[in-house]
Amino acid sequence: MIQASTPSARTTARIGRTPFIRLQQASLVILALLTSGAGAYTVKAGDTLYSLARSQGITVAELMRLNGLSSTVLEVGQALKLPGEGPVQPPVAAQTEQLVGLTVASPATLRMGDAFVLRLGGPRAAQATVRFLSEVGEKVQLPGEALQPVAFGNEFLVLGRAVLGKITPLVYEVRVGAERLQRTVEITPRSQPLQRLNLPAALSSKLEPAARQAEDAVVEQTYLRRTPQAWSKPFQAALNVRAQSTAFGQPRIYVAGGPVQYHYGIDYPAPAGTAVTAVNDGTVVLAQLFPVRGGLVVIDHGAGVSSLYFHQRKMLVGVGERVQRGQKIGEVGSTGLSTGPHLHLELRVRGTATDPASWINRLWPQ
Ligand SMILES: [Zn+2]
């Protein structure tokens with residue numbers, strides 16, 4: 001939530017588990033282009049190859065090569081492959097397990113902080129119940145909650161999340177009737193150098209436990225909602241700005257001697273007043289000014305997914321209001337614990353922070 005980062009941190013975030021040695025950056029970015037699942041982007045009015053390449057931290061030549069372009073002219077509506085804002089995604093190749101009348105596919109590996117789906121198929125999929133057993137003992141809401149799959153096309157999906165800050169394997173259990181299947185998925189770390197912020201006293205006093213607790217309690221209450229899936233289109237960016245200052249999962253120490261805390265969202269610096277838009281359809285469940293999060297809007301998208309927009313100077317929606325994907329909900333500001341105008345965006349699954357980059361331009365993560 002603090003706008004304080006270095007170019008090396010930004011580059012490291014984009015290229016994932018690679019050492020950040022400046023001389024190697026160009027080749028690493030190209031490697032990332034070749035190995036990451038490139039995200040789809042639709043060209044908007046005002047976009048240029050230069051602005052898009054810059055927003056991705058790559059050169060125009062690299063962007064042209066990624067898309068096989070021979071001309072620098074772009075057309076509005078044209079589909080472009082972008083390297084994506086997040087670190088290199090692990091292979092999507094899923095492991096498939098089988099019970100009688102039920103198949104279960106999960107990602108082969110995950111990075112901590114990833115959102116993902118378990119895909120259930122077969123005639124008994126609708127009756128299955130899933131629990132993430134590795135959550136028990138973790139600081140998450142309702143650990144090990146019994147989850148019913150969401151019908152989606154011919155499949156049934158269960159949303160999962162790999163908790164940030166923990167790399168012990170994820171364990172899930174699928175039950176159908178008297179049968180039971182239990183599997184593990186390896187979790188890999190995010191290699192991001194620790195940031196020491198050394199906040200000024202006026203700001204750091206807002207991090208005192210007493211000042212924080214009341215605010216946290218109000219926000220965390222919204223994570224307990226369980227409503228039907230409200231979206232039918234891919235998630236989209238909350239700002240017409242792609243540059244990031246602080247990446248998701250960045251480990252930080254706010255005050256000298258303090259504990260390591262993870263950055264639960266992505267920071268997008270933008271001029272005060274820039275429109276903030278809903279990443280997808282949903283219902284506003286919180287719109288309030290807080291000491292730390294500033295002008296905060298929380299949208300419940302159903303299926304346990306919520307999006308949070310911090311530090312706004314103006315909020316244009318109220319609690320209970322239904323909003324649509326792309327609707328303006330507020331304006332970028334620097335309210336709360338913030339050192340300059342930016343949007344801090346979070347995408348949570350049942351209250352646990354997941355990498356927003358694993359959602360943007362996707363209907364489901366992974
Ligand atoms: Zn932030």
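The values are calculated or read from the model by the stated rules, or taken from the named source; none is laboratory data. Since we're looking at a predicted model, the values are computed, not measured. Backbone-built Cβ (ideal geometry, glycine too); neighbour counts: all protein chains shown. These area figures cover heavy atoms from the full protein model, side chains too; ligands, DNA and RNA do not enter into them. Shrake-Rupley method; radii C 1.70, N 1.55, O 1.52, S 1.80 Å.
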### Query
In the range 192-201, how many are open to solvent by less than 60 Å² (accessible area, probe 1.4 Å) and closer than 18 Å to LYS166 by Cβ?
1
### Query
Does GLN366 satisfy the condition of being surrounded by fewer than 22 Cβ atoms within 10 Å (Cβ to Cβ), more than 14 Å from the ligand (Cβ to nearest atom) and on the phi > 0 side of the Ramachandran plot?
yes
### Task
Assess whether ALA126 counts as being surrounded by fewer than 20 Cβ atoms within 10 Å (Cβ to Cβ), in contact with a strand residue (DSSP E or B) (Cβ under 9 Å, 6 or more places away or on another chain) and closer than 19 Å to GLY302 by Cα.
yes
### Task
Go through the range 297-325 residue by residue and tally those that are under 17 Å from the mean Cα position of the chain (by Cα) and either assigned by TED's automatic domain parsing to the domain that holds ALA115 or not aromatic (Phe, Trp, Tyr) (or both).
13
### Query
Of the residues that sit in the range 283-297 and are crowded, with 19+ Cβ neighbours inside 10 Å and over 18 Å from VAL323 (Cβ atoms), which one is farthest from the ligand (Cβ to nearest atom)?
PHE290
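Does GLY333 meet the test of being within 14 Å of the ligand (Cβ to nearest atom) and either open to solvent by 40 Å² or more (accessible area, probe 1.4 Å) or not assigned by TED's automatic domain parsing to the domain that holds LEU142 (or both)?
yes
How about the range 244-269: which of its residues are open to solvent by 50 Å² or more (accessible area, probe 1.4 Å), in a loop (DSSP other than H, G, I, E, B) and either under 19 Å from SER334 (Cβ atoms) or within 14 Å of the ligand (Cβ to nearest atom) (or both)?
Here is the first cut: in the range 244-269, the residues open to solvent by 50 Å² or more (accessible area, probe 1.4 Å) are 255-257, 259-262, 264.
Add one more test, that the residue is in a loop (DSSP other than H, G, I, E, B), and what stays is 255-257, 259, 264.
Across the range 244-269, the qualifying residue is only TYR264.
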### Query
Is at least one residue of the range 208-225 open to solvent by 70 Å² or more (accessible area, probe 1.4 Å), at negative phi, in contact (Cβ under 8 Å) with a residue 40 or more places away in the chain and outside the structural domain of ALA108 (by TED's automatic domain parsing)?
yes
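Any idea which of ASN280, ASN240 is surrounded by fewer than 20 Cβ atoms within 10 Å (Cβ to Cβ) and more than 13 Å from the ligand (Cβ to nearest atom)? If you could, list the steps in order and put the result at the bottom.
Numbers: ASN280 fails: surrounded by fewer than 20 Cβ atoms within 10 Å (Cβ to Cβ).
The unique qualifying residue is ASN240.
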### Qualifying residue in the range 340-357 (condition: at pLDDT 95 or above, buried (at least 19 other Cβ atoms within 10 Å of the Cβ) and more than 30 Å from PRO200 (Cα to Cα))
yes
